[in-house]
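Notes follow once the structure below has been shown.
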């Protein structure tokens with residue numbers, strides 16, 4: 001196993017700043033493009049990440065640390081789509097940065113030993129899962145959505161790259 005809490009936190013701390021650097025000040029067209037019906041825009045991905053911070057990661061960590069006998073709180077992966085607003089991306093990124101900071105502060109307060117990483121909880125679909133698996137998933141969830149954002153933005157120029165499309169891996173979906 002490769003999981004290391006300190007290394008996981010290194011990534012989780014950097015994601016908001018990375019997204020801020022990539023997305024702040026961009027034209028609306030970069031933020032509102034998607035990959036077709038049923039896919040998310042860049043702005044919607046950020047909304048999803050904010051919702052995940054509020055209702056997914058720390059509540060599930062706390063469920064595990066409180067004995068893990070209860071099934072994790074439900075997480076609606078599409079909840080962010082019901083309250084879609086025209087909030088500027090900079091404001092969304094600030095909110096993500098703040099909620100992530102709060103999540104990591106809480107994580108550092110409540111997880112203080114390697115032994116805790118082996119504690120388990122009950123996922124509604126997967127059954128028993130370990131805390132270290134949940135935390136590793138949090139990191140890879142960030143990578144997934146950073147990758148998704150770059151892929152969605154690249155899609156906007158798919159037809160414009162002409163014959164180079166063959167060599168652009170981000171367009172191979």
Return a yes/no flag: does region 63-78 have any residue that is surrounded by fewer than 19 Cβ atoms within 10 Å (Cβ to Cβ), modelled with pLDDT under 95, closer than 25 Å to residue 153 by Cβ and touching a helix residue (DSSP H, G or I) at 6+ places or on another chain (Cβ under 9 Å).
yes
Residues that are farther than 16 Å from residue 131 by Cα and not in a helix (DSSP H, G or I): does region 40-55 have at least one?
yes
Which of the residues spanning region 1-19 are crowded, with 16+ Cβ neighbours inside 10 Å and either at pLDDT below 95 or under 14 Å from residue 142 (Cβ atoms) (or both)?
8, 9, 12, 15, 16, 19
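Report yes if residue 107 is within 17 Å of the chain's Cα centre (by Cα), touching a residue at least 12 places away in the same chain (Cβ under 8 Å) and under 12 Å from residue 65 (Cβ atoms), otherwise no.
On the way: within 17 Å of the chain's Cα centre (by Cα): yes; touching a residue at least 12 places away in the same chain (Cβ under 8 Å): yes; under 12 Å from residue 65 (Cβ atoms): yes.
When the stated conditions are applied, residue 107 passes them.
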For region 123-141, check the following and say yes or no: at least one residue is over 19 Å from the mean Cα position of the chain (by Cα), farther than 29 Å from residue 63 by Cβ and touching a residue at least 24 places away in the same chain (Cβ under 8 Å).
no
Of all residues in region 151-166 being touching a residue at least 60 places away in the same chain (Cβ under 8 Å) and assigned to a helix (DSSP H, G or I), the one that is surrounded by the most Cβ atoms within 10 Å (Cβ to Cβ):
152
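The values are calculated or read from the model by the stated rules, or taken from the named source; none is laboratory data. The model shown is predicted, which means the values in this text are computed figures rather than measured ones. In this analysis, Cβ positions are derived from the backbone assuming ideal geometry, glycine residues included, and neighbour counts consider all displayed protein chains.
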